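One structure is given below, encoded as structure tokens.
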Amino acid sequence: MSAAQPDLIPLAPQGRMASWRTLLMITAALITGALVLRAADPDRVAWIQNLLLVFSSLLIEALPFVLLGALVSAAIEVFVPASAFERLARLPRGMQLPAAAMAGMAFPVCECGSVPVARRLAAKGLSPGAAITFMLAAPVVNPVVVASTFIAYRGRDTLWAMVLGRVGLGLIVAIAVGWVIGNVRRADLLRPMPDHADPDHDHGTGPAETRWKRYAGHVAGDFLFMGKFLMAGALAAAALQTFIPQSIIGSVANLPIVSLIAMMTLAFLLSLCSESDAFVAASFVQFGVGSQLAFLVFGPMVDMKLGALYVGTFSRGFLRTITIAIAAATLVATLWIEVLIG
């Protein structure tokens with residue numbers, strides 16, 4: 001591999017100590033803030049309480065999946081030989097994208113966890129378009145999300161339209177966006193990460209103890225790197241949820257096209273986890289099937305917290321390109337659903 005495909009190295013002891021000190025300081029600050037707010041006048045600090053509640057809820061909901069993504073990402077790097085991805089990379093482009101999208105069904109990770117996995121896949125030799133296709137499809141079509149969507153809509157006439165529609169649209173949009181990304185060079189797609197070195201030497205071989213140490217280092221590095229961008233995105237999403245009146249969204253439910261854009265915008269602002277967003281979408285009974293599918297497909301592919309993760313993981317311009325491509329593909333697909341279903 002070339003130096004343009006950097007890799008994580010285990011954090012130095014000083015780096016780990018600094019990370020733990022930062023975590024303890026943040027925890028202490030949050031506890032202190034909670035105690036102060038509890039002692040204050042509830043009427044004066046209601047908006048602060050709501051802001052902290054939404055912020056902490058997003059973190060609690062998303063951080064486990066970031067950790068899961070880091071675990072899977074590190075396992076791919078340490079235990080899966082590069083030759084496996086080289087064989088995938090030799091597949092025709094027309095087969096790579098559908099295969100990558102279907103592979104998302106086997107990985108029970110949500111949108112936050114799929115980002116480090118996609119980065120690792122691209123760094124290991126999979127074409128950037130296929131890696132992005134996997135990243136976008138996995139949060140929409142994995143078995144946990146399919147099951148949660150089924151449960152959220154059970155007992156309704158629209159049950160199978162929502163379940164099958166979400167899976168089908170998720171695959172179509174992911175493949176379309178992967179095609180837009182195309183054959184861009186990995187060096188032009190991936191943003192260099194701090195504390196990097198050239199790829200490790202063994203790539204799944206060598207003493208087991210060495211591999212497990214590398215694995216722990218990769219997990220820590222990926223988790224800490226993604227976590228700081230997740231916190232920034234969660235704070236922005238919490239601020240928007242606190243200050244934007246919910247009545248604004250409900251007033252556009254019956255407007256063609258506008259209702260689709262409104263639900264996509266809402267999904268972007270709410271920044272929900274794909275394992276739970278179906279229950280929120282199902283509560284918007286005033287919106288049609290197409291609008292609810294727009295919420296369920298667009299949200300897991302691009303939202304406030306994902307935007308921060310994309311900026312930290314990929315090169316400049318990626319967020320703009322992928323947002324436009326996902327929005328266009330989702331809008332066209334759900335508009336046709338609205339026309340066909342009525």
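The values are calculated or read from the model by the stated rules, or taken from the named source; none is laboratory data. Remember, it's a predicted structure, so these values are computed and weren't measured experimentally. Neighbour counts are summed over all protein chains in view; Cβ atoms, including those assigned to glycine, are modelled from backbone coordinates with ideal geometry. With ligands, DNA and RNA removed, areas are computed over all heavy atoms of the protein, side chains included. Shrake-Rupley method; radii C 1.70, N 1.55, O 1.52, S 1.80 Å.
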Q) Which one of these is hydrophobic (A, V, I, L, M, F, W, C) and either crowded, with 24+ Cβ neighbours inside 10 Å or not in a helix (DSSP H, G or I) (or both): ALA99, ALA75, ALA131, ALA147? A) ALA131
Q | Test result for SER274, touching a Pro at 6+ places or on another chain (Cβ under 9 Å), hydroxyl-bearing (Ser, Thr, Tyr) and either crowded, with 18+ Cβ neighbours inside 10 Å or part of a helix (DSSP H, G or I) (or both) | A | yes
Q) Among the residues of the stretch 232-248, is there at least one that is surrounded by fewer than 23 Cβ atoms within 10 Å (Cβ to Cβ), on the phi > 0 side of the Ramachandran plot and not charged (D, E, K, R)? A) no
**Q.** Residue that is nearest to VAL140 (Cα to Cα) [pool: residues in the stretch 290-304 that are open to solvent by less than 30 Å² (accessible area, probe 1.4 Å) and touching a Gly at 6+ places or on another chain (Cβ under 7 Å)]
**A.** VAL297
Q | Which listed residue is at pLDDT 85 or above, open to solvent by less than 40 Å² (accessible area, probe 1.4 Å) and assigned to a helix (DSSP H, G or I), from GLY227, GLY221, GLY178 | A | GLY178
Q. Can you find even one residue in the stretch 207-215 that is part of a loop (DSSP other than H, G, I, E, B) and either open to solvent by less than 30 Å² (accessible area, probe 1.4 Å) or acidic (Asp, Glu) (or both)?
A. no
Q: Considering every residue within the stretch 165-177, establish whether at least one is over 19 Å from the mean Cα position of the chain (by Cα), more than 19 Å from LEU319 (Cβ to Cβ) and of a type in the set (Lys, Arg).
A: no
Q: Would you check which residues across the stretch 302-326 are within 20 Å of PHE55 (Cα to Cα), of a type outside the set (Val, Ile, Thr) and not in a helix (DSSP H, G or I) and list them?
A: ASP303
Q.
Against the definition (open to solvent by 10 Å² or more (accessible area, probe 1.4 Å) and of a type in the set (A, V, I, L, M)), how does ILE337 come out, yes or no?
A. yes
Q. If we scan the stretch 48-59, do we find a residue that is in contact with a Cys (Cβ under 7 Å, 6 or more places away or on another chain), at pLDDT below 80 and either surrounded by fewer than 24 Cβ atoms within 10 Å (Cβ to Cβ) or within 30 Å of LEU235 (Cβ to Cβ) (or both)?
A. no
